[in-house]
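*Asks:* Submitted below is the structure of interest, expressed as structure tokens.
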């Protein structure tokens, strides 16, 4: 038998959004006869797919989480719900969606860096709720978010928007964010 919810408690932080899915998968595995130690090992070794809450670097007590796949408000809110006192990097092509629901998570954020076509709307969404900065590139956004982040803290790329205003796809955006984060972690000054 599994020890209960504490097994799922190991799925925390940037992976907390996966907790319900993990519980369902564990229950199904047990029903189909998978031994509890194997289920426990699976839960313990879980790692998200690239660009889905992936920890890509750490610098000065700040973790950089790449959730570039969060291309809509619902996905971005789920990513924000997995962190506390994070600096959110958000923006891109909004595709006509209402970004206002993001403001419901302002209390979980230490700041926001707005980027891309929807930077004005992101700025308006969080104005008066948290510190908001604007950036012209993902590299500039990553540096600005790192400067705003508390120590220890988190920089979360969960854009709530498509990447097509500046990138080929969410993968390219995530890879550029990860490269910028690794440059910060390595002490390299970035060119925006």
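*Asks:* Quick one: would you say residue 14 is closer than 24 Å to residue 158 by Cα, at pLDDT 85 or above and either in the same structural domain as residue 69 (by TED's automatic domain parsing) or buried (at least 17 other Cβ atoms within 10 Å of the Cβ) (or both)?
*Replies:* Values: closer than 24 Å to residue 158 by Cα: yes; at pLDDT 85 or above: no; either in the same structural domain as residue 69 (by TED's automatic domain parsing) or buried (at least 17 other Cβ atoms within 10 Å of the Cβ) (or both): yes.
No: the conditions fail for residue 14.
*Asks:* Being touching a residue at least 40 places away in the same chain (Cβ under 8 Å) and either out of contact with any strand residue (DSSP E or B) (no Cβ under 8 Å at 6 or more places or on another chain) or surrounded by fewer than 23 Cβ atoms within 10 Å (Cβ to Cβ) (or both) is the filter here; which residues of the range 102-134 pass it?
*Replies:* 110, 117
*Asks:* Are there any helices (runs of 4 or more DSSP H) wholly within the range 13-117 with 1 or more residues that are within 16 Å of the chain's Cα centre (by Cα), and if so which?
*Replies:* Because the criterion is at least 1 residues that are within 16 Å of the chain's Cα centre (by Cα), the helices (runs of 4 or more DSSP H) in the range 13-117 that meet it are 19-31, 73-80.
*Asks:* Moving on. Checking residue 139 against (1) within 19 Å of residue 83 (Cβ to Cβ); (2) not in a strand (DSSP E or B), only one condition comes out false. Which one?
*Replies:* (1)
*Asks:* Report whether or not residue 165 is within 17 Å of residue 91 (Cβ to Cβ), assigned to a helix (DSSP H, G or I) and more than 18 Å from the chain's Cα centre (by Cα). Walk me through it before giving the result.
*Replies:* Working: within 17 Å of residue 91 (Cβ to Cβ): yes; assigned to a helix (DSSP H, G or I): no; more than 18 Å from the chain's Cα centre (by Cα): yes.
No; evaluated as a whole, the condition is false for this residue.
*Asks:* Looking at (1) out of contact with any helix residue (DSSP H, G or I) (no Cβ under 9 Å at 6 or more places or on another chain); (2) under 22 Å from residue 51 (Cβ atoms); (3) surrounded by fewer than 24 Cβ atoms within 10 Å (Cβ to Cβ), which is the only condition residue 145 fails?
*Replies:* Failing condition for residue 145: (3).
For (1) within 22 Å of residue 152 (Cα to Cα); (2) at pLDDT below 90; (3) surrounded by fewer than 14 Cβ atoms within 10 Å (Cβ to Cβ), each residue gets a yes or a no:
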{"residue": "32", "(1), (2), (3)": "no, no, yes"}
{"residue": "42", "(1), (2), (3)": "no, yes, no"}
{"residue": "45", "(1), (2), (3)": "no, yes, yes"}
{"residue": "56", "(1), (2), (3)": "yes, no, no"}
{"residue": "61", "(1), (2), (3)": "yes, no, yes"}
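The values are calculated or read from the model by the stated rules, or taken from the named source; none is laboratory data. All values reported here derive from a predicted model rather than from experimental measurement. In this analysis, Cβ positions are derived from the backbone assuming ideal geometry, glycine residues included, and neighbour counts consider all displayed protein chains.
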